[in-house]
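A short reminder: the numbers here are calculations on the coordinates, not readings from a lab. On a predicted model such as this, the values are computed, not experimentally measured, just so you know. Cβ sites come from the backbone with ideal geometry, for glycine too, and all protein chains shown count toward neighbours.
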Amino acid sequence: MGDPAGDPFDLGLEGKVAIVTGGGSRGEGIGNGRAAAILLARAGARVLVADLDLAAAEQTVALAAEEGGEAAACSVDVTQEEQCEAMVRAALDRWGRLDVLDNNVGIGSQGSVVEETRESWERVLTINLTSMMLVSRHAIPAMVKSGGGAIVNIASIAAMRPRGLTAYSTSKGAIISLTRALAVDHGPSGIRVNCVAPGPAYTPMVEAWGLSDEARERRRKASVIDIEGTGWDVGNAVVFLASERARWITGQTLVVDGGVTLLARDRRTSGELEGPIDRAAQG
């Protein structure tokens, strides 16, 4: 593909195989990983939906199947290397190849280095950053055997605009650096690696904070276009970067935030920080 005169709706994902980590979501809501998995399946990819919560992954599979998509679920703790290896092997055993990886697992934390405990600091870095290294370590050789592939890592605008979430911001900044390093290391093998940095989208995890209507409205108004982002917005960015439409894009970070980072207003007072940080959920 790559011909600009070709079908503009053909993403080149038909028959490809993708793994989405953190592909479950809370209840029937649409988080970033669930949206990406459904959209990849909609584009014709066969998707292995991986999540710590198997039931949540199975719900994503069911939603993809409602649209005629092909997907399967597995329970994976991406901080455990043997489970990462088994996950990649499961995709290969089922479909014989691997073309796309969406590294979507992540948790939050709140506080400065003075306030953060070492245990929490190390947990955030392990789940948010080391997990991506472990999954990629096993996914990349499989992609090479398949003739190449695309990796999309999920970071955050908190990497560029710290706001009192120091461990989280540090982990997300490191993900951007990891993305660039992977792109350089494995580009010669036909593997593109890019990053999506979401802004304050309204997802099931955010909903679980119990934000007031007023706080949610302030988050929306933090966007220069006065639009509230959702998991679908992040998922669409993932699918684009994974697709053949992005065949000449690698090592880049796509900010998906409605223009929040263009403004100088204090995000603490704009309501984007309101609500507790979920320290347990993956995805």
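Structure notes:
- Based on C-alpha pairs under 8 angstrom that are at least 6 apart in sequence, the stretch 17-262 has a relative contact order of 21 percent.
- Spin-label zone in the stretch 130-156 - amide nitrogen under 17 Å from a point set 7 Å from the Cα of GLU81 along the C-beta vector: 130-142
- What the Cβ-Cβ distance of ASP185 and ASP93 gives, at R0 = 22 Å and to the nearest 0.05, is a FRET efficiency of 0.25.
- Distant-in-sequence amide H partners of ILE151 (H built 1.01 Å from N, under 5 Å): LEU101, ARG192, VAL193, ASN194
- On Cα atoms only, tilt of 54-66 relative to the major axis of the chain in degrees: 60
- Angle between the chain longest axis and helix 131-145 axis [Cα atoms, degrees, rounded to 10]: 20
- In Hz, Karplus ³J(HN,Hα) per residue of the stretch 108-113 (6.51, -1.76, 1.60; θ = phi - 60°; x = Gly, Pro): x, 7, 9, x, 7, 5
- Phi-derived couplings, Karplus 6.51 cos²θ - 1.76 cosθ + 1.60 at θ = phi - 60°, listed residue by residue for the stretch 19-30: 10, 10, 8, x, x, x, 6, 6, x, 9, x, 10 Hz, with x used for Gly and Pro.
- The lysines within cross-link reach of LYS16, meaning a Cα-to-Cα straight distance under 27 Å and a gap of 8 or more places when in the same chain, are LYS145.
- Report note on the peptides 31-37, 157-163: ranked by the mean count of other C-beta atoms within 10 Å, highest first, their order is 31-37, 157-163.
- Simple spin-label estimate for VAL144 and THR117 in nanometres, 7 Å along Cα-Cβ: 4.1
- A run of the chain free of exposed loop cleavage sites, with GluC sites (Glu not before Pro) counted only in DSSP states other than H, G, I, E and B and at most 12 other beta carbons within 10 Å, reaches its longest extent at 116-283.
- Helix 32-42 axis, angle to the chain major axis (alpha carbon atoms, nearest 10°): 30
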